[in-house]
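Encoded as structure tokens, the structure appears first; notes follow it.
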There are 6 protein chains.
Amino acid sequence: MRPSGRALDQMRDIFIDTDVTMHAEGSCMIRCGNTHVLCTASLEERVPPFLRNTGQGWVTAEYGMLPRATTTRMRREATTGKQSGRTQEIQRLIGRSLRAGIDRNALGERQITIDCDVIQADGGTRCASITGGWVALRLAINKLMKAGDIVTDPIIDHVAAVSCGIYAGQSILDLDYPEDSEAGTDGNFVMTGDGQMIELQASAEGATFSKDQFGELMALADKGVAELVAAQKAATA
Amino acid sequence: MRPSGRALDQMRDIFIDTDVTMHAEGSCMIRCGNTHVLCTASLEERVPPFLRNTGQGWVTAEYGMLPRATTTRMRREATTGKQSGRTQEIQRLIGRSLRAGIDRNALGERQITIDCDVIQADGGTRCASITGGWVALRLAINKLMKAGDIVTDPIIDHVAAVSCGIYAGQSILDLDYPEDSEAGTDGNFVMTGDGQMIELQASAEGATFSKDQFGELMALADKGVAELVAAQKAATA
Amino acid sequence: MRPSGRALDQMRDIFIDTDVTMHAEGSCMIRCGNTHVLCTASLEERVPPFLRNTGQGWVTAEYGMLPRATTTRMRREATTGKQSGRTQEIQRLIGRSLRAGIDRNALGERQITIDCDVIQADGGTRCASITGGWVALRLAINKLMKAGDIVTDPIIDHVAAVSCGIYAGQSILDLDYPEDSEAGTDGNFVMTGDGQMIELQASAEGATFSKDQFGELMALADKGVAELVAAQKAATA
Amino acid sequence: MRPSGRALDQMRDIFIDTDVTMHAEGSCMIRCGNTHVLCTASLEERVPPFLRNTGQGWVTAEYGMLPRATTTRMRREATTGKQSGRTQEIQRLIGRSLRAGIDRNALGERQITIDCDVIQADGGTRCASITGGWVALRLAINKLMKAGDIVTDPIIDHVAAVSCGIYAGQSILDLDYPEDSEAGTDGNFVMTGDGQMIELQASAEGATFSKDQFGELMALADKGVAELVAAQKAATA
Amino acid sequence: MRPSGRALDQMRDIFIDTDVTMHAEGSCMIRCGNTHVLCTASLEERVPPFLRNTGQGWVTAEYGMLPRATTTRMRREATTGKQSGRTQEIQRLIGRSLRAGIDRNALGERQITIDCDVIQADGGTRCASITGGWVALRLAINKLMKAGDIVTDPIIDHVAAVSCGIYAGQSILDLDYPEDSEAGTDGNFVMTGDGQMIELQASAEGATFSKDQFGELMALADKGVAELVAAQKAATA
Amino acid sequence: MRPSGRALDQMRDIFIDTDVTMHAEGSCMIRCGNTHVLCTASLEERVPPFLRNTGQGWVTAEYGMLPRATTTRMRREATTGKQSGRTQEIQRLIGRSLRAGIDRNALGERQITIDCDVIQADGGTRCASITGGWVALRLAINKLMKAGDIVTDPIIDHVAAVSCGIYAGQSILDLDYPEDSEAGTDGNFVMTGDGQMIELQASAEGATFSKDQFGELMALADKGVAELVAAQKAATA
């Protein structure tokens, strides 16, 4: 019944390759089906002005799409002269989500920038960016700890995200692009490794939704995030 | 226990004055406590390119803040040369929310732009914009129907929004700025007049939240939106 | 003979409501007929670089229009990415005019920014901004003096402005929008409370004008500014 | 008593060389003392959208300064990414002034753009631009008339401009940069060949001015513009 | 003697993987040592305005770098608001080079955009972009020919590029980043499959160079381009 | 056979007038036939951040064209909001070229900015800018040496540039605009006074070129640069 042929609660195959680029302090290529995102973590020994001399660190994120990551070529944001509202909304979400899983005092006064660049898009790029971004962050912090620059692990828990939606009246997990573009309701769920909520977003596109339907989406998200966290563990073991 | 001295489930006083500006097809000044937003509806007999010759109309929104709507003066976005990510995120939310309450075929091939300009800010400006924006939209459509330009009322239901959050471990309704800046979790709930969901957003700032806590926020939102819808009805009667 | 039905030398009704916003150090809503401008004064304990360590203060101004302040909706300058030439010309005029009425040594090394935001436009917005901007400035300085931060009053005199023009061959005072859009000559006169000139601007739109005609406009401006100054006195008494 | 050693009512030497660039339809280099402005007129057989199918033409102007036209090098506006408020204010003034001297119906549906580029600056660049811009416009129209593209001369009268100001308490004519930077009041007077007014601007910088003082400035402007018009006649004879 | 340990006339290993992204009409990942560039060809059935109704097609290119393609993270051009001069210079070079190898009449009135996005940088990114861009172009045209949309092959010859330079007084082939940053002279040579020149650029950084030295660089370029063309042939066979 | 009627190896007439503007530390107007470029050198006693406290100076360049320097009026870059790729490419070339002829240690920690503004264009503007820019630089340094601010002459050698190309199958020297727009190959050669190379650029537009043809262009360039250096010597003697 799903265009993808998957069961209602079935995730796409997840692959996370780590250390895929030679310069970044941490990196991975995450592939959720045909959605491929390159996530890098860049360390800087400085923080934004509002954190100077506080002893606290910062994690921030930027998001981009290659022009031909999509079915039809999109104009490069560097030529339009600004990031779109959608891009800014997504990168603010990634940054907030990853910061929720970190102890910024333990990180110390340094900044880690997570770049999430979509190489190929087939729905769910913001969720893949959060899940892969956490892996890049984990690897960069591992390096800092190994070098003795950080003593206490600043990572509190895993952070991963999955989309759920209502498609043809049914609640489904991990929408690909054809499913997403037809879904009546579309939601993103960012959660921790122990099932706490970091961020929920659900939006009706066409038909509104009820509290019961939202409950179904949350249950699916629980299942999906558990699988993503398992993949993160396997990749960073 | 709340800085505002209100009960946990108590809204701020709501005032909606209509027809407050001579040029707009519909307008109101909504005041939710000390948050004051001027909402205007502007009608144009044209639609965005992707809707031409479809017979469907469009509702869109823009959001702005006067420089001294806030405690300290903010730089005018016209001088920084672009709208911030926050501004774009908010105006996209307002537009999506109001479109969910309208039958775009019944509206016909015309566009209504809702401008929400914050005259004074004390928390909850995006929710006040949605609630007041619906009133401006309602009034503009009333005018079109009175003139016979639209036969079937394109408005399906009321659309209103309220914020809820977790403050000092307690779930509270309709956060003002001092409450919002200290809340561990902050959410916005956009709903219809009959209690269906249009958009949910909840975000942990510091501490994560559980499914039970989120359930409490939804119950508070139900109560708040019902009061806002009553105020909309009184204003547009 | 005037579209507004007013006598040739008759001003529109003037209302100045003060302290209309909770955050600004000084504020007023000035209404000259249907032209309504919200003026706020924001105090900062810093000055532009060229004044550092000079002991002198600065007064500057910014001007904006809400998108639907006008008959047809105007595009928001924050979305076009820059302030128009007209906006910049007006805000430079407001700033120059208000600085002419102030002793910058007595003000001390601090900056006051006057924001003039047009809520509803019907001609004469720059003049209303200057007249109302002076009230906001006066109130902010009163607060500084009351707090003992300033000892000597830095305000030398009132500053107010009115437009005059030649309409259907007749010199008229205080043009509203329908009169302004048809006037052959249009001028703005910024003056002090004792009738000295700060800034004159007169521009032929279509027909040129003679020295005699310009003399008539100046006489009208004398009358108009006297009435505006009286309104300022009443509002700040 | 003037830094320049000139009499109070003495203009700088004026030179207008015509046809100084091979591509423009009309051009001149105007030199008012050490202020040198290259003025070109460019003809296009199209008009701005608001004039299409009206049979009326348009004259517009742009203004620029070479980076080292001034005592210290100024940043190039092409690198700052926008024209300054000052630049826009000046080019709007040049355009308005030249349009006041032209019959746009006789011009027909075509646009002439006057570019005024300051090669060397020593005060009075906007006045030199208007005076020289008129010469470039006159020459371009001569060419159109010679070719038979225009039958009736659309030029109604000469347009020229001069600055006057109050320096050390005395009214003086045609301020150079050292005089301008010290003047208490500075004004620009745009007039026609028969002494009618097109635009007046006078601004107090420091001290305010009286009606009598303004009368003195106007009398000086009469003298100065007459000399400029004579130079225009000699150059275009 | 080279930091890379290579012989003076030794290229880095070249790998070209084709069809690496699902959406583009043609694509490859080219790896020249540690320099990795993703090249995609996007087909549009429209041409720039200056080619409409000429029957001729167009090939253009855009170039970008992921923020952490480099040793230290570079600011994303989408956030700086514009492409740097370096980026524009490179993408203009890629476009010119690829157009030189194509018969635009045989291509017909359609545009192919080559996007070259540097995933990892270690010197020579512009040359890798040209060499890989040609492969993406070849594949996209193959698809058009297979579909019967183009009858005559518009590709005239291979286009490939290599850098040569003078390092420690010796002429070397295919500089990596450590070599490039120390080279006294650095040149890029764009050539066809049969050894004709398309574009030469050589620039002294520090010491100037003689005609003899330039002759040595050209001879090295001949060798390098021949190897690159062989790799192109193998990849597109 | 050339549109200009010149012999294949014949330069246009060269005139270099020095000290043409009163404010710049060095200046010239260079005229190569109908191509006229105003070159000014501006001295600043500061260097870019990467050179602070190194004892080394910097030479940089900016390039601009007046809107009507060309056959049809070009849009002013200050109004488009950015410098074009072509402009940036040219000014980077001018800066690199002039730096190659200077000992930056002998210059000391100061910056000289060369502005090259094209007053009239007829092909070869970048070459004229380099040749004239060197004269402005020479004059500014002469002034520094005369004042005793610099002891050792930092100028190592002359820097001059000329274009060569293949027109109708023949190699020609110093292309004007009609020749340039029809040439199959177009190259720019920047050289020192003793015939060493600083920068070579040659680009096929349409037909590719062979090594032999490139050799012919280099021989022509030798002749042309020698004549330009002679003109520089005459102008700065």
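The values are calculated or read from the model by the stated rules, or taken from the named source; none is laboratory data. Model, not experiment: these values are computed from the prediction. With ideal geometry, Cβ positions are generated from the backbone for all residues, glycine too; neighbour counts draw on all protein chains shown. To get the accessible areas, we keep the full protein, side chains included, count just its heavy atoms, and leave off ligands, DNA and RNA. Shrake-Rupley method; radii C 1.70, N 1.55, O 1.52, S 1.80 Å.
When the P(r) of chain E is calculated, the portion above 33 Å amounts to 17% of the C-alpha pairs.
Amide H to amide H distances under 5 Å link B:ILE150 with B:MET145, where only residues 5 or more positions off or on other chains count and H is placed in the peptide plane.
Here the 3J(HN,Hα) profile of the range A:166-180, calculated from phi with Karplus coefficients 6.51, -1.76 and 1.60 at θ = phi - 60°, is 10, 10, 6, x, 10, 7, 10, 10, 6, 6, 8, 4, x, 5, 4 Hz, Gly and Pro shown as x. If you take the square roots of the eigenvalues of the alpha-carbon gyration tensor of the range A:1-139 and sort them as a ≥ b ≥ c, do you get rounded (a/c under 1.5), prolate (a/b over b/c) or oblate? Verdict is prolate for the range A:1-139.
Label-point spacing for F:PRO49 across the identical copies (point 7 Å from Cα in the Cβ direction), in nm and ascending order: 1.4, 1.4, 3.9, 3.9, 4.2. Prolate is the label for the range F:136-237, because the ratio a/c of its alpha-carbon gyration tensor axes (a ≥ b ≥ c) is 1.5 or higher and a/b is greater than b/c.
Under 25 Å between alpha carbons: how many lysine pairs meet that in the range E:14-236, if sequence neighbours fewer than 8 apart on the same chain are excluded?
Final tally of qualifying lysine pairs is 4.
Entry for the protein assembly as shown at q = 0.05, 0.06 Å⁻¹: log10 I(q)/I(0) = -0.46, -0.67, Debye formula applied to identical alpha-carbon scatterers, no solvent contribution. Largest GNM mean-square fluctuation among B:LEU43, B:LEU200, B:LEU173, using chain B with Cα springs under 10 Å: B:LEU200. Karplus-derived 3J(HN,Hα) values for the range E:30-47, using 6.51 cos²θ - 1.76 cosθ + 1.60 with θ = phi - 60°, are 9, 10, 10, x, 8, 8, 10, 10, 8, 10, 10, 10, 10, 9, 10, 8, 8, 10 Hz; glycine and proline are entered as x. Here the alpha carbons of the range A:66-130 define both size measures, Rg and Dmax, at 14.3, 44 Å. Given a cut-off of 19 Å, what percent of all Cα-Cα pairs of the range E:134-196 lie beyond it? So the pairs more than 19 Å apart make up 52 percent of the total in the range E:134-196.
Between copies, A:ARG86 shows label-point distances of 2.5, 3.0, 3.4, 3.4, 4.3 nm, shortest first, with the point placed 7 angstrom from Cα along Cα to C-beta.
For C:THR152, the label point sits 7 Å beyond Cα toward Cβ; its separations from the matching points on the remaining copies run 5.7, 5.7, 6.3, 7.5, 8.8 nm, from shortest to longest. Give the longest segment of chain E that steers clear of trypsin sites (Lys or Arg not before Pro) in DSSP loops with at most 13 neighbouring Cβ atoms within 10 Å, not counting the sites themselves. In short, E:76-237.
Based on the Cβ-Cβ distance of D:LYS143 and D:ALA219, what FRET efficiency does E = 1/(1 + (r/R0)^6) give at R0 = 30 Å, to the nearest 0.05? In this case the efficiency is close to 0.20. Nearest beta carbon of chain A to the A-to-F rotation axis, with distance in whole angstrom: A:GLY81, 5.
Solvent-accessible area per residue for the protein assembly as shown at a 1.4 Å probe radius, Å²? All intermediate terms of the calculation are to be shown ahead of the outcome.
Details: 52280 Å² over 1422 residues.
Accessible area per residue, the protein assembly as shown: 37 Å².
Simple spin-label estimate for A:ASP153 and D:LEU8 gives 8.8 nm between the two label positions (7 Å along the Cα-to-Cβ direction from each Cα). Only Cα pairs within less than 10 Å get springs; with that Gaussian network setup on chain E, which residue of E:HIS23, E:HIS36, E:HIS158 has the largest fluctuation? The residue with the greatest mean-square fluctuation here is E:HIS23.
Along the range B:115-130 the Karplus relation, 6.51 cos²θ - 1.76 cosθ + 1.60 evaluated at θ = phi - 60°, assigns HN-Hα couplings of 9, 10, 10, 7, 8, 8, 10, 8, x, x, 6, 5, 5, 4, 5, 5 Hz to successive residues, with x for each Gly and Pro. Counting, for every residue in B:99-106, the Cβ atoms of other protein chains within 10 Å of its Cβ and taking the mean gives 1. Between the C-alpha center of the range C:207-237 and that of the range A:54-109 there is a gap of 55 Å. Averaged over the residues of F:41-54, the number of partner chain Cβ atoms lying within 10 Å of the residue Cβ comes to 1.
Summarising the amide proton neighbourhood of E:ILE102: residues at separation of 5 or more, or on other chains, whose placed amide H is nearer than 5 Å comprise E:ILE156. Semi-axes of the equivalent ellipsoid for the range B:1-72, computed as √(5λ) from the eigenvalues of its C-alpha gyration tensor and ordered from largest down, come to 34, 15, 14 Å. Within the accessible area of the range B:14-236, the carbon and sulfur atoms contribute 47%, probe 1.4 Å, all protein chains present.
Per-residue shielding of A:57-70, expressed as the average number of other chain Cβ atoms within 10 Å of the residue Cβ, stands at 4. Chain D against chain F buries an accessible area of about 2700 Å², both chains summed, 1.4 Å probe radius. Amide H contacts of F:GLU205 (H built 1.01 Å from N, in plane; Pro and chain starts excluded): F:THR185, F:ASP186 sit under 5 Å, all sequence-distant by 5 or more or on other chains.
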